[in-house]
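Q: The structure under discussion is supplied below as structure tokens; questions concerning it will follow.
Here, each number is a calculation from the coordinates, and none is a lab measurement. Please read all numbers here as calculations on a predicted model, not as lab measurements. Backbone-built Cβ (ideal geometry, glycine too); neighbour counts: all protein chains shown.
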Amino acid sequence: MSSPQWLVDRRSAAVQTDQFAMPSSEEEVWRYSRVADVDLSQWAIVSDRSEGVPAEASALLESLGQLSGAVVVRNGAVVASRLDDALSAKGVYVGSLVDGPDAQNSLGVVADGGPDVFGRLNDANFLDGVLVHVPAGVTVESPIAIIDWIDIGGSAVYPRLVIRVGADADVRVLDWHGSADVAAFVSPLVELDVDRAGRLSYGNVQLRGPRVWQIASQVSRVLNDGTLTASHAGLGCDYGRMRTDCELLGRGATGNLSAVYFGTGSQTLDFRTFQHHAAPDTNSNLLFKGAVGGQSRSIYTGLIRVEKDARGTNAFQTNRNLKLSDTAWAESVPNLEIETNDVKCSHASTVGPVDEEQVFYLESRGVPTEIAERLIVAGFFDEVLEEFPVATAVPLIAAAIDERLDAGVNS
Amino acid sequence: MGELRIQGLTAEVAGRQILNGVDLVVKSGEVHAVMGPNGAGKSTLSHVLMGKPGYTVTGGSVTIDGVDLLSLPTYERAKAGLFLAMQYPVEVPGVSLEELLTEALSAQGRDASVVHTTVAAEAERIGLATRLLDRPVNVDLSGGEKKRNETMQLAVLRPKFAILDELDSGLDVDALRACSRRVEAATTEFDLGVLAITHYSRLLEELKPDVVHILAQGRIVSSGGPELADELERTGYAEWVEEEAPATAAADPFADPFADPFA
């Protein structure tokens, strides 16, 4: 399979026009990050297409129940895709980006070049890319799943995903980031495009192996009366970062952003969010809940930006962190930037240990201390998981959280 | 016949001595009321017995059938047969009642497979709507619902001894009657021994005390039959708080007998 000329040109343009200078952790958006430890020369960009569906990906798809369609991506190459015939007939597309409808205009539709150097690296280096396209007025009943799998040690992989939801269309997508236990550098760029009154529910599970470094970007734009619900579970990686840019561009657009994350060992989980209200009567709700155990660290910084024209805006941002050990560390920095008076805005952030009163209550009924804390920590995430876009993924996320609790997080 | 034995119990909070030598013996099937003015140490007593963090026991002993409770962590005290119905039941988001009771019974090596049916039966008995059972523990329950929930858990767990910490606060008459009747029934059903800590006597209309104790300034200052509660209802606690009450309060014939003497 060779790339079309427009893509070859686009890539070389990306390579030529950019300096690819690494950002500095002096910059606010990289503060507390481990970007200084990223040495790209250490990783080999994968250029050969992997083949075959990994057994783990098959098992995952199996456990997700009924799906409308699925794509398996291995080390950046699309190795399998399928979609219900009835949906194909309606013009829905799920598969390799270059083979999809309007491919040239879809790539970069929301995030041409991405928000930072890693977005540009993705532009220059992504192998296949995945496109999910739902035409106007089409409702996709069962979810579509994408399994993005990495299993080449020492590799640098740049997954690219574009989801385009047409006017009044409706779809749920699960984007599962997994890997074998290899050391790798992964920098995904996800573009979510929601047209007028479209509805996209996007769930992303980051459960890469413990030696993977991932710097991900999720950029979305929502037009008039459209609704984006984007949920993230950040569990894997040595260093796992996700930047979220949600652009509410049309009147009445809504962006619901949520995440659970759980750090153990010496992990660093790093989240940056931008809720950008650029039109009147737009709504955003953000709820990020995380726990840190062992010597792990988490960073959350978020900005709500309400432009002058965005009157009637409702914007909420909440970040709650449980600190499960004395050596764990969580940073939480919410910010507001509001240029109009006609808004309802709030932000809240907390970092603290498991509530002693709650533990005592459970213990007083005879529940041993460790189990009491486990129940409370698992329950802490419920609020987010109950709303996760693809319900069949929730037990898998809960199991991964249990596994971390089993391994011990208090020291 | 089991017994909960408290001897010479002294305890402090933040360096301040609150319990000054409490002596009490409750036998299985008996109901003991501990009454006292605000600040007497009633809640401290209940918290210390259950092992709540923040309290330091400085002397004395507490045993159930000879088992020393004070050396045990809270959940082991529960296993030894103690239950505390809390004055302010804590909301525990994300944890269901069934999860809680299943873990509690399993940890004690008891059959947890009956939780679902037992909870349903006990909830009906105490008048707790079944739709509330699916909520996370205590979350969004009214005061009365929370107390019914505490009493329902007591009935499911069937402890040897229950401390009721102001079970009668923050609930309506119907809920109070349902809760006190359920506890009264437990004293014969599974021979429950009860230590009912309360400020008012209305709890004791349905839950008949065998012994009434008056706790003031951190020790039991008087013990008697049910008539002692009736007497308190008439006279208030003035007699027991005299030493520390401000002179103006004693001189004022209209002073609220239940006013916090430390306010």
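Q: Once phi is turned into θ = phi - 60°, what whole-Hz ³J(HN,Hα) does the Karplus curve with 6.51, -1.76 and 1.60 give for every residue of the stretch A:142-156, x standing for Gly and Pro?
A: For the stretch A:142-156, the Karplus-derived couplings read 8, x, 10, 10, 10, 10, 9, 10, 10, 9, 10, x, x, 8, 10 Hz, x marking Gly and Pro.
Q: Hey, what angle do you get for helix B:97-107 against the long axis of chain B, alpha-carbon based, 0 to 90 degrees rounded to 10?
A: Once rounded, one gets 90 degrees.
Q: Okay, moving on. If the cut-off is 15 Å between C-alpha atoms, which aspartates and glutamates fall inside it for B:LYS160, apart from same-chain ones fewer than 8 positions away?
A: Straight-line reach from B:LYS160, under 15 Å: B:GLU3, B:GLU30, B:ASP65, B:ASP68, B:GLU76, B:GLU184, B:GLU189, B:ASP191.
Q: Would you list, by chain and number, the aspartates and glutamates whose Cα falls below 14 Å from the Cα of B:LYS147, excluding same-chain residues fewer than 8 positions away?
A: Qualifying aspartates and glutamates at Cα under 14 Å: B:GLU91, B:GLU122, B:ASP165, B:GLU166, B:ASP168, B:ASP172, B:ASP174.
Q: Contact order normalised by length for chain B, with contacts defined as Cα pairs under 8 Å and 6 or more residues apart; what percent is it?
A: Rounded, it is 26 percent for chain B.
Q: At a threshold of 8 angstrom on Cα-Cα distance, excluding pairs fewer than six apart, so keeping six or more, what relative contact order does the stretch A:152-202 reach in percent?
A: Relative contact order of the stretch A:152-202: 56 percent.
Q: Okay, next question. Can you flag which of A:LYS289/B:LYS79; B:LYS27/B:LYS52; B:LYS52/B:LYS208; A:LYS344/B:LYS146; B:LYS27/B:LYS146 are past 32 Å Cα-Cα?
A: Working: A:LYS289/B:LYS79 34 Å; B:LYS27/B:LYS52 23 Å; B:LYS52/B:LYS208 28 Å; A:LYS344/B:LYS146 34 Å; B:LYS27/B:LYS146 27 Å.
Going by Cα-Cα distance, A:LYS289/B:LYS79; A:LYS344/B:LYS146 fall outside the 32 Å limit.
Q: Something else about it: Whole angstrom only: what separates the Cα centroid of the stretch A:88-145 from the Cα centroid of the stretch B:95-119?
A: Between the Cα centre of the stretch A:88-145 and that of the stretch B:95-119, the gap is 48 Å.
Q: At 7 Å along Cα-to-Cβ for each site, give me the label-to-label distance between B:LEU70 and A:ALA44 in nm.
A: Label-label distance for B:LEU70 and A:ALA44, simple model: 7.0 nm.
Q: What is the sum of charges around A:GLU383, taking Lys and Arg as +1, Asp and Glu as -1, for the other residues whose C-beta is under 10 Å from the C-beta of A:GLU383?
A: Working: positive: A:LYS289, A:ARG320; negative: A:ASP382, A:GLU386, A:GLU387.
Charge balance in the 10 Å sphere: -1.
Q: Which whole-number percent gives the relative contact order of chain A, counting Cα pairs below 8 Å spaced six or more residues apart?
A: 10
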